1. Suppose every Lys and Arg Cβ carries +1 and every Asp and Glu Cβ carries -1, with no other charges. What dipole size does the chain come out with about its Cα centre, to the nearest 20 debye?
2. How would F12, F149, F112 line up from fewest to most surrounding beta-carbon atoms within 10 angstrom?
3. May I ask you to derive the relative contact order of the chain, considering only C-alpha pairs under 8 Å and at least 6 residues apart, and to give it as an integer percent?
4. Quick check on packing: order 151-161, 84-94 by the mean number of other C-beta atoms within 10 Å, highest mean leading.
5. Taking neighbour Cβ counts within 10 Å as the exposure measure, how do E100, E110 sort from fewest upward?
6. Which entry in (i) 56, 32, 25; (ii) 44, 34, 29; (iii) 49, 34, 33 is this structure's computed Cα extents along the principal axes in Å?
7. I'd like the chymotrypsin sites (Phe, Trp or Tyr not before Pro) in the stretch 16-97 restricted to DSSP loop residues with at most 10 other Cβ atoms within 10 Å, sorted by number.
8. Amide H to amide H under 5 Å from Y77: which residues, 5+ apart in sequence or cross-chain, H placed 1.01 Å off N in plane?
Amino acid sequence: AARRLGVAEVVFLRCMDGELAPDLNLRERIVRMIRIHKPDVIITHDPFRPYALHPDHRAVGLATTDAVYPTARDPLYFPEHLQTGLEPHKTAEIWFFGPEHPDKVIDISETFDRKIDALRAHVTQVGEAEELESRMRDRAIELAEGHPFELGEAFKVVQMRR
C-alpha cells in the first residue's frame, strides 16, 4: 500500500493486531518516531469519535494524541531519548480522520484513485474492492458538497499550543 502511494519509508512498531492499548509502551514508540521525524502535522484515527468500534484504532488515536501533547515536547518524558540525541519536538497540528464533526475538508479529486489502489493492497481487510470504492466515492462526493472540488476528505484539526 505504501509503495502504491510513493511512501519512501514505512516503520513498523511491531504491535500485535487486536492487542493495542493506549499505554506508556505504545506512547513511547510513537514519541520516538515524533522525535526522529519532527513532523509539523500528524494524521491519526479520531479516538474521540462516538462508536469508533475498532479497539486498535481507538488505542492508536489516543496514544498518538497523548504522544503529541504533552509527551513528545517535554524533555522530562523518556529522558533516555536525550541520551541518544532525540530532542523534544512540538508538533503544530493533529488531523483526526473520520471525525464525527469535521472542520476541514481537503480536495482529493486528483488522488482518490491512488487512495483506492492503496486500500486494495490490504486484501484481508477491505473485502470486496468494488463495493469499497463505491462507498468511499459516495462519501467523498458528499464531503465535497459546497466546496469547489468534486471529491473531499474530512478531518478534525486540533492546533497544539506552541
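1. Its charge dipole is roughly 680 debye.
2. Listing F12, F149, F112 from fewest to most nearby Cβ atoms yields F12, F149, F112.
3. With pairs under 8 Å counted, the relative contact order is 26 percent.
4. The peptides rank, most packed first, as 151-161, 84-94.
5. With the fewest neighbours first, E100, E110 line up as E110, E100.
6. Read-out taken from this structure: (iii).
7. Passing both the DSSP loop test and the Cβ count: Y51.
8. none
Where a number appears in this text, it was derived from the coordinates with a stated rule and is not lab data. This is a predicted model, so every value here is computed, not measured. All Cβ positions, glycine included, derive from the backbone under ideal geometry; neighbour counts span all protein chains shown.
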